[in-house]
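Visitor: Please find one structure pasted underneath; my questions will follow.
The values are calculated or read from the model by the stated rules, or taken from the named source; none is laboratory data. This is a predicted model, so every value here is computed, not measured. Cβ placement follows ideal geometry from the backbone for every residue including glycine, while neighbour counts extend to all protein chains displayed.
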Amino acid sequence: MNRTFLYDVHVALGGRMVDFAGWELPVQYPTGPLEEHKRVREAAGLFDIDHMGQVVVADQTRSASCRKSRSTTSARWRSTMLATA
């Protein structure tokens, strides 16, 4: 089974890990879904999307362009397609 980059963090926080399309991902934490919802609404949330896509860079010219991540930002959230280049 595949594991994301944040697997050890999820386990350390007590996440209940399940198989999701061949990936071992957390489905719930010991504090429960209501506390998790409250914390995300009052502070911030992190959604581990390591399992959701793959980028293949074919040459150095394209590699240089990947150093600038493509981001979408609103008043309340930010989404970045490439976390590292």
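Visitor: Restricted to region 1-24, and to residues that are within 18 Å of G45 (Cα to Cα) and at pLDDT below 90, which residue is surrounded by the fewest Cβ atoms within 10 Å (Cβ to Cβ)?
Guide: F5
Visitor: Output the residues belonging to region 14-47 that are among the hydrophobic types (A, V, I, L, M, F, W, C), over 15 Å from the mean Cα position of the chain (by Cα) and not in a strand (DSSP E or B).
Guide: Across region 14-47, the qualifying residues are A21, L34, A43.
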